[in-house]
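Novice: The structure that follows is given in the form of structure tokens.
The values are calculated or read from the model by the stated rules, or taken from the named source; none is laboratory data. Note that this is a predicted model, so its numbers are computed, not measured. Here Cβ is always computed from backbone atoms with ideal geometry, including for glycine, and neighbour counts include all displayed protein chains.
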Amino acid sequence: PHKLLIVVTPTYNRAFQAYYLTRLAHTLKLVPPPFLWIVVEMGAQSLETASLLRQTGIMYRHLVCEKNLTNIKDRGTHQRNVALAHIEQHQLDGIVYFADDDNVYTLELFEELRQIRRFGTWLVGMLAHSKSRTVLEGPVCDGEKVIGWHTNEKSKRLRRFHVDMSGFAFNSTILWDPDRWHRPSLDPIRQLDTVKEGFQETTFIEQLVADESQMEGRPPGCSKVMVWHLHLETVSGLPYPSGWTMNSPLSA
Ligand code: UDP
């Protein structure tokens, strides 16, 4: 039987939300079961997300992160933690993958996820405006063995693992088996809350695995990009009809 895939998506209400979630839902609909989509919002469930999820036909859980945010630059971290706590509490046994709503995913990626035994990692293509960002992030591999990382001069010295949030997945059993944590004294979930932007991935991964020897590069050779991370400038304050439903004509 196939392994359960648990895809975790933090999302928030903005002009692009319906566009992103619709696109992602269409991809996820093509993933064979068993499959669970955990979607987490801040403060309350939005009507738009709730109605979209109901219509997908995908097995999902729509969770809410109640935390009162002081740091607005959180970028989904607390929401991912809510999903991790949920997975741990209900002992959902499967492969956990953080799929941000704005990325684009190949179906091949979901096939690769099912091959993961403990911790898998792969390349993520970066589509950015800014020239200072790398073109891709992720492992350099010899077969499944991770032997290095694609990186740039700036980030090389700072981060231990050069992986994007959507560039790794892991077996959920690690979450409730303290003996398997690299650093059992740390609570990974709480830890992730306090980490500086840009370091969430490496900080989290450093607690899942001791080093590269415990990682599986996917697919073997790691030469293939199976997911793209889009960095669009956020258009804030863009007026759009709530739920993309027009109740009155647009006035000139
Ligand atoms: N996100 C969220 N709340 C926020 C910011 C981001 O739920 O205040 C979600 C967003 O919907 C996406 C993920 O977190 O699924 C990553 O956000 P984004 O791509 O904007 O961050 P980046 O990785 O580009 O810094």
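Novice: Report, by residue number, each residue of the range 78-111 that is away from the ligand (no atom under 12 Å from the Cβ), within 27 Å of GLU144 (Cβ to Cβ), in a helix (DSSP H, G or I) and touching a residue at least 24 places away in the same chain (Cβ under 8 Å).
Specialist: LEU84, ILE87, LEU107, GLU108, LEU109, PHE110
Novice: Looking for whichever is more than 16 Å from the ligand (Cβ to nearest atom) and either modelled with pLDDT of 95 or more or not aliphatic (A, V, I, L, M) (or both) here; the options are ARG61, ARG114, ARG75. Which one fits?
Specialist: Numbers: ARG61 fails: more than 16 Å from the ligand (Cβ to nearest atom); ARG75 fails: more than 16 Å from the ligand (Cβ to nearest atom).
So the residue among ARG61, ARG114, ARG75 that is more than 16 Å from the ligand (Cβ to nearest atom) and either modelled with pLDDT of 95 or more or not aliphatic (A, V, I, L, M) (or both) is ARG114.
Novice: Pairs please, first residue from the range 52-74 and acidic (Asp, Glu), second anywhere and within 16 Å of the ligand (Cβ to nearest atom) and at pLDDT below 95, Cβ atoms under 8 Å, 6+ apart in sequence or on different chains.
Specialist: What qualifies is GLU66/GLY43.
Novice: Of all residues in the range 146-190, how many are in contact with a Phe, Trp or Tyr (Cβ under 9 Å, 6 or more places away or on another chain), within 23 Å of HIS231 (Cα to Cα) and modelled with pLDDT under 75?
Specialist: Matching residues across the range 146-190 total 1.
Novice: Still on this structure: Identify the residue in the range 31-48 that is within 23 Å of ASP93 (Cβ to Cβ) and within 18 Å of the chain's Cα centre (by Cα) and, among all such residues, is surrounded by the most Cβ atoms within 10 Å (Cβ to Cβ).
Specialist: Just the residues of the range 31-48 that are within 23 Å of ASP93 (Cβ to Cβ), to begin with: 31-40.
Add one more test, that the residue is within 18 Å of the chain's Cα centre (by Cα), and what stays is 31, 35-40.
Details: VAL31: 19, PHE35: 18, LEU36: 18, TRP37: 22, ILE38: 24, VAL39: 27, VAL40: 25.
The extreme case among them is VAL39.
Novice: Just to verify a result, which residue in the range 215-235, among those that are surrounded by 13 or more Cβ atoms within 10 Å (Cβ to Cβ) and modelled with pLDDT under 95, is nearest to THR121 (Cα to Cα)?
Specialist: HIS229
Novice: Return the residues of the range 5-30 that are crowded, with 20+ Cβ neighbours inside 10 Å, more than 9 Å from the ligand (Cβ to nearest atom) and among the β-branched types (Val, Ile, Thr); say none if nothing qualifies.
Specialist: Hits for the range 5-30 are ILE6, VAL7, VAL8.
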